[in-house]
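Undergrad: My questions will all concern the structure given below.
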Ligand code: SF4
């Protein structure tokens, strides 16, 4: 007896009936927010810096101050040819502090810069190539163990200087996510970072641009008092106002 073709269920027909994975609505929503920001503001081209080391130095200098102040300190270091790990490590704390005073709290930041530079030199001979390929989680832990390097600075270095897929979930990003009810009020840095990294494609170029765009909308619209009228993300709130 030959099998009856009519009695056999065709494999492609069965495949059509198999439900696929549920559509990730949060991911789709985040990507819509990103696209709207990109349409409005265009490429942000972060992080300004001629070398990976300069970007890492800038990440320390911009702690608790506006980027314009940090940029002046970076320029002063460049003028003194100190934007090279060995040259900066050879200078004393007081000398580095004098060079970076435009960034504020110069003694503290000089100590942090020297600690970061010492770690880079001791661990990698001052090179950034290993930061681009070593396993991310232990590398991040090592960086966090450097005195004065907190999660936001560590992630800025990993993302912007080493092109690793970590999201810098700073206060600007958290404020937008909370107001759009994507994150609970009071969520901390690590919770916000984990939320974004779990939902977005693990792409450092996307993380780089999305973070920069969230900072941009945080400065122009999503300020302490939100200016939703005219904000490129207004569509996502639909008929509701921002969460308080
Ligand atoms: S200003 Fe309003 S619409 Fe814009 S990001 Fe903030 S809460 Fe959303």
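Undergrad: What is the spin-label model distance, in nm, from residue 184 to residue 132 if the labels are put 7 Å beyond Cα along the C-beta direction?
TA: Using points 7 Å along Cα→Cβ, the separation is 4.0 nm.
Undergrad: Take residue 35 and residue 72, extend 7 Å from each Cα along the Cα→Cβ direction, and tell me the distance between the two endpoints in nm.
TA: Using points 7 Å along Cα→Cβ, the separation is 4.2 nm.
Undergrad: Relative to the longest principal Cα axis of the chain, at what angle does helix 189-199 sit, 0 to 90 degrees, rounded to 10?
TA: In the chain, helix 189-199 runs at an angle near 40 degrees to the longest axis.
Undergrad: Full-extension gain between residue 86 and residue 202, please, as 0.36 nm times their residue separation minus the C-alpha to C-alpha distance. Don't skip to the answer; put the middle values down first.
TA: Values: separation 116, 0.36 × 116 = 41.76 nm, distance 3.33 nm.
My answer for the length gained is 38.4 nm.
Undergrad: Using the Cα gyration tensor of segment 52-161, with a ≥ b ≥ c the square roots of its eigenvalues, what is the shape: rounded (a/c below 1.5), prolate (a/b larger than b/c) or oblate (neither)?
TA: prolate
Undergrad: Hey, how many Å between the Cα centroid of segment 75-94 and the Cα centroid of segment 136-197?
TA: 28 Å
Undergrad: Also, I was wondering about something else. Compute the Cα gyration tensor for the chain, then decide on rounded, prolate or oblate, letting a ≥ b ≥ c be the square roots of its eigenvalues: rounded whenever a/c is under 1.5, prolate when a/b is larger than b/c in the other cases, and oblate in all that remain.
TA: Since a/c reaches 1.5 but b/c is at least a/b, the shape of the chain is classed as oblate.
Computed from the coordinates by the stated procedures, all read-outs in this text should not be read as laboratory data. All values derive from a computational prediction rather than experimental measurement. Cβ coordinates were reconstructed from backbone atoms using ideal geometry, including for glycine residues, and neighbour counts include every protein chain displayed.
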